[in-house]
Amino acid sequence: MRGALTRAQRSVPPRDWLGVVQAAALGLVLAAYALICSSLSNRAHSTDFIRFFSSAQLLRAGESLYTPPRIEAIDQARSTHGAASQTLHPNLNTPVLALLVVPLTFAGPAQGYAIWTALSLVAGLCACALVWRGLRPPGQGASGLLWLWLAFLVYFPTYASFVLGQVTAGLFLLLAGAWLAARNGRDRLAGVLLGAAVSVKLFAALLLVCFVLQGRWRVAAWSIGAGLCAALATLPFAGLAAWREYFGVIRTVTWFGNSWNASYASFITRILGGTENAPLVDAPALGRAIVALCSAVTLLWMARLTRLASVEAKGETPMARAAGFDLGYGLTLAVMLLVSPLGWMYYFPVLLLPGYAVWLLTRGGRMRLLRLGLLAAWGLSAVPATMVQAMDANEPIGWFTSNSRYFYALVVFAAVLGAAAARAPGPRAARVALTADPAPGAGATG
């Protein structure tokens, strides 16, 4: 008896120590983020955030939001010290984002960047918590959430998004919130959150197709309504001219070939022209045609699998219906980055949602092999890499190797999601589906 108690007592400390190690690691990573972002706040002009900041300043001044920003016009300190003039690429986000950033312009670029990154960090951690809440196996403690937080924070695309001051974390929170709300049958909330995401990043509108294919018409309707309301909210401040300029600026983009772009456009334009490098064959019209063809085929493939996952899961257990919904939603997230002309790798953190879902789904049987695909995609995209600008991507060997690493990672990840969606619905999903027990409305149509 005494020996048995001793053995039982000995089984507790390892779990306690694991929690301590996780908490310590998380604290160190968060401290590192704080130090890095604090040091960069004095060089906010070198981040993408300065473009959002500039647009917000121009909005306050009643000027064009999409005037290419000049550093000395944003940062008076640089102008005072005689820093060289520098003109940046214009902001490629909608007027909605400029309106949201306006309050930060009162703090100045350095303080604004610091506040933005702090809010982004909170948003990213909250998004992970929503994913964990929706997918965690019964009885799993907070250890799973700590692992998710660590996986999110040590991922290079996450780091890149924070350092650049990008919108990734906020977008992740909106998309994770929309997913969890829809999973639990809260169509109105799901639609509003998705509409908010679309109002900032238009490529998120592809998720409307996912909901339509699954018969979730109310989610789609609320998304459209919320997106339109967000757009209308900008009219008293920016007018329709800002939206016309936005779409005009989007059409002027020529840097598809940057190595951090993971889309079809990035891979194909480097080879056939249409970006800023010297291509193998200068045939941009052919390149655009191939990009359109690849995108169309991928969209049809996604639509078929998403619809299949939804139809075959009907009549099954709530667990199986939730699995079908999760895989359709997750596959759409991956495809939206592939077909978007600018599917930057710093949006990859949103793929943590379907990645975690597939990891739990593939715990046994032949589907366990899909985990190798997940690990391959993670490994390809997790290793830090300096961005190669499109104009410098002139070595053919680079087009097919290092410059296309993120494209390959995204293709592998989409293939894994597609394979999981093709195998999971129906009775099989009822046995090996995600172990979370969704609310009664999960995966319901309507």
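Just so it is clear, none of the values below were taken in a lab; they were calculated from the coordinates. Model, not experiment: these values are computed from the prediction. All Cβ positions, even for glycine, are placed from backbone atoms using ideal geometry, and neighbour counts span all protein chains on display.
Among Val253, Val412, which comes first, second and so on when ranked by fewest other beta-carbon atoms within 10 Å?
By the 10 Å Cβ count, ascending, the order reads Val253, Val412.
Going by C-beta contacts inside 10 Å, put Thr47, Thr298 in order with the fewest on the left.
Thr298, Thr47
May I ask for the net charge around Val167, where only other residues with Cβ less than 14 Å from the Cβ of Val167 are counted and Lys, Arg are +1 while Asp, Glu are -1?
+1
Tell me, Asp187, Asp16 in order of fewest to most beta-carbon neighbours within 10 Å?
Asp16, Asp187
Which distance in Å, rounded to a whole number, links the C-alpha centroids of the range 369-425 and the range 161-227?
First find each Cα centre; the distance between them is then 25 Å.
Under 5 Å between amide H atoms, partner at least 5 residues away or on a different chain: which partners does Trp344 have, H built in plane at 1.01 Å?
Those qualifying (amide H under 5 Å, at least 5 residues apart or on another chain) are Ala262.
Which of rounded, prolate or oblate describes the range 15-252 when judged by the alpha-carbon gyration tensor and an a/c cut-off of 1.5?
Verdict is oblate for the range 15-252.
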